[in-house]
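Participant: Sharing a structure below in structure tokens format, with a few things to ask.
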Amino acid sequence: MTLAMSGHVALVTGGAGGLGRSISTALADAGATVLVGYRTSAEAAHALAAQLPGVAGQPHRAVECDVSDSDGLRELASRVAAEFGGLDVLVNCAGMTRYVAHRALDELDDELIDQIFTTNVRGAIASVRAFQSLLAQHGRGLVVNISSIAAQTAMGSNIAYCASKAAVDNLTKSLARALSPEIRVVSVSPGLVDTEFVRGLDEAWRAEQTARTPLQRLAMPDEVATAVVVLATQLTFTTGAVIPIDGGRPLG
């Protein structure tokens, strides 16, 4: 294992979730100091931070990080600046959805729509806004927005979720233009990922999506995490792009 990210600090919002956990682990494996962001999963986040592989003198931390709270994000940025001296990678992994059949518009109430866009879109913007100066100061800042194939196919857990991820991909391009050259911004766009949430969705729907995917399986969390690390360490001339981790699903 090469520690290509030694000396780098990375914040993963939603870092204790199924996908966030794999991303946090992969970044730590690459040598980064990882801040595991959480909103309600404090116990899981602290447990994960304690067990991540570490580099001497660079302890990982669990940090409260509610992406719907702009004041809280700014306070967190101040603490990160004071304790770590900067931030190199921000992974916007915090997300929210709930399964609602696309035709069942009455079940897609205003509260759910607002929650989805507040977390998935406004939360990403607010997080970048709060950490922009830290990400820019070393000239190597990277923002990775965890998107979804739903942005392209318009097939997902509900129509508001699909729209929110399309907004995330557009946001990625706008931010990449606005924040260059100091900060790169990239979307990583998985197909269905084999997480606890996805395993809880309708089995017949999951099976249909798998059957229509050329590689005939779901994405694994580690594959999405690897894409994040590769963007940080190897694809360093990439910005404003959407990187698919979808098994060719749009071809099906």
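Participant: Rounded to the nearest 500, what is the 222 nm mean residue ellipticity of the chain from helices alone, with -39500 (n - 2.57) per DSSP H run of 4+ residues and division by all residues?
Facilitator: Result for the chain, helices only: -13000 deg cm²/dmol.
Participant: Nothing charged except the Cβ atoms of Lys and Arg (+1) and of Asp and Glu (-1): what's the magnitude of the dipole of the chain about its Cα centre? Round to the nearest 20 debye.
Facilitator: 720
Participant: Can you grab the distance from the C-alpha centre of segment 1-74 to the C-alpha centre of segment 134-179, Å, no decimals?
Facilitator: Segment 1-74 and segment 134-179 have Cα centres spaced 20 Å from each other.
Participant: Report the one residue of V198, A28, A163 whose Cα lies farthest in the direction of the positive end of the charge dipole of the chain (charges on C-beta: Lys and Arg +1, Asp and Glu -1; origin at the Cα centre).
Facilitator: My answer, from the dipole projection, is A28.
Participant: Can I ask one more? Among R61, R212, which comes first, then next, by fewest other beta-carbon atoms within 10 Å?
Facilitator: Arranged by neighbour count, lowest to highest, R61, R212 become R212, R61.
Participant: Run through segment 165-238 and list the GluC sites (Glu not before Pro) located in a DSSP loop whose Cβ has at most 16 other Cβ atoms within 10 Å.
Facilitator: Those satisfying the criteria are E182.
Participant: Putting +1 on Lys and Arg Cβ atoms and -1 on Asp and Glu Cβ atoms, find which of L134, Q152, P181 reaches farthest to the positive end of the dipole of segment 9-242.
Facilitator: P181
Participant: Something else now. Nearest 10 degrees, 0 to 90: what angle lies between the long axis of helix 221-233 and the longest principal axis of the chain (Cα atoms)?
Facilitator: 40
Participant: Then there's this: Output needed: percent of Cα pairs per 10 Å distance bin for the chain, bins running from 0 to the one holding the longest distance.
Facilitator: Cα pair-distance distribution for the chain, in percent: 8, 33, 38, 18, 4, 0.
Participant: In a GNM of the chain with a 10 Å cut-off on Cα contacts, which of I113, I146, I23 has the highest mean-square fluctuation?
Facilitator: Looking only at I113, I146, I23, the largest GNM fluctuation is found for I113.
Participant: Only Cα pairs within less than 10 Å get springs; with that Gaussian network setup on the chain, which residue of S41, S187, S164 has the largest fluctuation?
Facilitator: Residue with maximal mean-square fluctuation among S41, S187, S164: S41.
Participant: For a footprinting-style exposure proxy, rank T236, T172, T210, T195 by other Cβ within 10 Å, fewest first.
Facilitator: So the residues, fewest neighbours to most, are T236, T210, T195, T172.
Participant: Now, a different point. State to the nearest 20 debye the size of the charge dipole of segment 62-110 about its Cα centre, where the only charges are +1 on K and R beta carbons and -1 on D and E beta carbons.
Facilitator: The dipole of segment 62-110 has a size of about 220 debye.
Participant: Working from Cα positions, state the angle (0 to 90°, nearest 10) between the long axis of helix 42-51 and the longest principal axis of the chain.
Facilitator: For helix 42-51, the angle is close to 60 degrees.
Participant: Pick from V34, V128, V144: which residue has the top mean-square fluctuation in a GNM of the chain where Cα pairs under 10 Å get a spring?
Facilitator: V128
Participant: Hey, another quick one. Arrange S148, S127, S68 by Cβ neighbour counts within 10 Å, fewest through most, would you?
Facilitator: Listing S148, S127, S68 from fewest to most nearby Cβ atoms yields S68, S127, S148.
Participant: Mind checking which of L11, A62, C93 is farthest towards the positive end of segment 1-104's charge dipole, using Cβ charges of +1 (Lys, Arg) and -1 (Asp, Glu) about the Cα centre?
Facilitator: Looking along the dipole axis, the top candidate is C93.
No value in this document is a laboratory result; all are computed from the given coordinates. Fair warning: this is a prediction, and the values are worked out from it, not measured in the lab. In this analysis, Cβ positions are derived from the backbone assuming ideal geometry, glycine residues included, and neighbour counts consider all displayed protein chains.
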